[in-house]
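Let me begin by presenting the structure, written as structure tokens, before commenting on it.
The values are calculated or read from the model by the stated rules, or taken from the named source; none is laboratory data. A quick note: this is a predicted structure, and the numbers were derived from the prediction, not measured. All Cβ positions, even for glycine, are placed from backbone atoms using ideal geometry, and neighbour counts span all protein chains on display. What goes into the accessible areas is simple: the full protein's heavy atoms, side chains included, and nothing from ligands, DNA or RNA. Shrake-Rupley method; radii C 1.70, N 1.55, O 1.52, S 1.80 Å.
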Amino acid sequence: MEIRLELFVLFAACGLVTLIPRILPFLLMHGLTLPRLLTDWLSFIPVCLLSALFFQNLLVARNGDYPTLSLLHLVASVPTVLVAVSSKSLSYTVITGVLSMALLRLFL
């Protein structure tokens, strides 16, 4: 298999473009203290992201019909919401959601 320089440069550039927005804010904010109001506002971002993903998969829309609930996603959301409320950890919540959905799809 031949590795062309153009593809290598393209992949490296794509990786750099993906990495910059994830690393640059941390580098710029290092040593700064944010105001309490901004910190409180930013704390809602994980909840908003999780809620958007949650409702996007929970409600199934079809052309010309009202949205319906996906029973599989609803059952998988029960342990996920319980872990989210009890742990308040986005990582534990995502892992629980993925595992519960995988187990349901495996056994149902």
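Quick notes
- Per residue, the stretch 1-91 exposes 90 Å² of accessible surface when a 1.4 Å probe is rolled over the protein heavy atoms with every protein chain present.
- The stretch 25-85: radius of gyration over Cα atoms, expressed as a fraction of 2.2 N^0.38 Å: 1.66
- Rounded to 0.05, the FRET efficiency of the Leu19 and Val60 pair, given R0 = 35 Å and the Cβ-Cβ distance, is 0.50.
- Chymotrypsin sites (Phe, Trp or Tyr not before Pro) restricted to the stretch 40-108 and DSSP loop, no more than 13 other C-beta within 10 Å: Phe44
- To the nearest ten degrees, helix 71-87 and the longest principal axis of the Cα atoms of the chain are 60 degrees apart.
- Once C-alpha pairs closer than 8 Å and six or more residues apart are averaged by separation and normalised to the residue number of the chain, the relative contact order reads 14 percent.
- Summary: within the chain, the longest segment free of trypsin sites (Lys or Arg not before Pro) located in DSSP loops with at most 14 other C-beta atoms within 10 Å is 5-61.
- Listed residues Ala84, Ala12, Ala52, most fluctuating in the chain (Gaussian network, C-alpha, under 10 Å): Ala12
- Our Cα-only numbers for the chain put the radius of gyration and Dmax at 20.1, 55 Å.
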